[in-house]
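Read the structure below first, then the notes.
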Amino acid sequence: MRRRPALALAVMVACAAWAAHLPARADTSAAAAPSYRIEPVAQGLEFPWSLAFLPDGRMLVTERAGRLRLIERGAAGAAVLRAAPVEGVPPVLAQGQAGLFDVLVDPDFAKNGWIYLSFAHGTPQANHLRVVRARFDGTRLHAVQPIFTTRPAKTHAQHFGARMAFLGDGTLVVTMGDGNLERTEAQRLNTHRGKTLRINRDGSVPADNPYVGRQDALPEIYSSGHRNPQGLVFVAAAAQGGNGSDHNPSNHPAGRLYLHEHGSKGGDELNRIVPGANYGWPLTTGGIDYTGARITPYRTLPGITPPLLEWTPSIAPAGMAYYGGDRFPAWKGSLFVAALKEKSVRRVPMAGDVPGSQELLFTELGQRMRDVRAGPDGALYLLTDDKEGRVLRVVPRDGGA
């Protein structure tokens, strides 16, 4: 009997030590009185995947089935989804998770008219992630050029990654998933699977990429050890109030590149991408396999860059945006993460690379969220993941600035 207090104390200490290795629980309480209202922009979209803004206020939205759609302003100023899809989109493998993915507008679009698309290319048995650029004239695509195709070909239509973002120097970063069945290739530098890739806008390889010149590595590789990264955003130092001194190791203009990726059963991650860094998959993870089997005994290892934030249980993070507008002052400086499984958008305030307490938003919609974008008008835009998907606009309840 006298040993029980000591035994109880030992158990408590052991439990505390175990708990210290668990990811911190987020504060997921939603605002008691939402200060926003949600307006419909477009509907009837078949699993919309990505949204991009043109300089004149029009919007481009992709449908996973392989269509690119244009949203423009009607006579009364309301948003109108053009009935006919944009012509000239190349053939897309649309099966399972495969399809037309991201759309990105060139920083110099007003001068050159270029847009970029990422999509699944090939057959179910031998497929790739491909990136093309093309000139958009308002109705169709012209001069479609494949500028990057991942290699080698992979089997099955899963884990494409497929998000794109421009860095401050104008180079393009593309995410590529591990293909699911080939997950150990995320650690191998002779394949694009499970990597972020950095290319110039014409598809050539920047001379300062971390693996240029290595015979055992593909030169486009920017970082490794990723599972299925579907959120990517570059935040210039000026947008975060930086003073220009925060240069990354490859001497690029000041800024931060954030990425999030799906874990398996748990272990979803938010990472800051550093050139040449290894983010661990599948050597380290906070998740387990869908069968319940352990993937790895390691949460951390020497040489592995740990995540800034982990979500366990999984929220299934999809798109991501950084909010730097003025219409929602309380949201300024936050990352917004669209979540499929959780049917939410998570607001993650950032102080440098330190995430603050998260806020759970838009759960009242009860819909899977595929993408979230910060618009040039200071509003937040949402894409719902559904056969009858919608584009929604979030504005201040009282009209705001």
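The values are calculated or read from the model by the stated rules, or taken from the named source; none is laboratory data. This one's a predicted model, so the numbers in the text were calculated from it and none came from an experiment. Cβ placement follows ideal geometry from the backbone for every residue including glycine, while neighbour counts extend to all protein chains displayed. Side chains included, ligands, DNA and RNA excluded: accessible areas come from the protein's heavy atoms. Shrake-Rupley method; radii C 1.70, N 1.55, O 1.52, S 1.80 Å.
Residues considered: Ala134, Ala83, Ala78. Of these, the only one that is closer than 29 Å to Leu257 by Cβ and out of contact with any Cys (no Cβ under 9 Å at 6 or more places or on another chain) is Ala134.
Being under 20 Å from the mean Cα position of the chain (by Cα), hydroxyl-bearing (Ser, Thr, Tyr) and open to solvent by 20 Å² or more (accessible area, probe 1.4 Å) is a condition met by at least one residue of segment 298-305. Checked against (1) at pLDDT 95 or above; (2) open to solvent by 10 Å² or more (accessible area, probe 1.4 Å); (3) under 21 Å from Asp178 (Cβ atoms), Gly287 passes all but a single condition, namely (2). Within segment 208-236, residues that are on the phi > 0 side of the Ramachandran plot and outside any strand (DSSP E or B) reach partners that are open to solvent by less than 20 Å² (accessible area, probe 1.4 Å) and modelled with pLDDT of 95 or more with beta carbons closer than 6 Å, at six or more positions or on different chains, in the pairs Gly225/Ala186; Gly225/Tyr279; Gly225/Gly280; Gly225/Trp281. For segment 347-389, filtering for residues that are in contact with a helix residue (DSSP H, G or I) (Cβ under 9 Å, 6 or more places away or on another chain), in contact (Cβ under 8 Å) with a residue 60 or more places away in the chain and surrounded by fewer than 19 Cβ atoms within 10 Å (Cβ to Cβ) leaves 1.
Can we say Thr62 is at pLDDT 95 or above, of a type in the set (Val, Ile, Thr) and closer than 27 Å to Trp331 by Cα? Can you show your working first?
Details: at pLDDT 95 or above: yes; of a type in the set (Val, Ile, Thr): yes; closer than 27 Å to Trp331 by Cα: yes.
Here the answer is yes, as Thr62 does meet what is asked.
Scan segment 323-346 residue by residue and report those that are within 24 Å of Gly263 (Cα to Cα) and either without any contact (Cβ under 8 Å) to a residue 40 or more places away in the chain or of a type outside the set (A, V, I, L, M, F, W, C) (or both). Even if it seems obvious, please write down each step before you answer.
The first filter runs over segment 323-346 and keeps only residues within 24 Å of Gly263 (Cα to Cα), leaving 334-346.
Listed by number, the residues that qualify are Ser334, Ala339, Lys341, Glu342, Lys343, Ser344, Val345, Arg346.
Of all the numbered requirements in (1) surrounded by fewer than 19 Cβ atoms within 10 Å (Cβ to Cβ); (2) assigned to a strand (DSSP E or B); (3) not charged (D, E, K, R), Gly292 misses one, and that requirement is (2).
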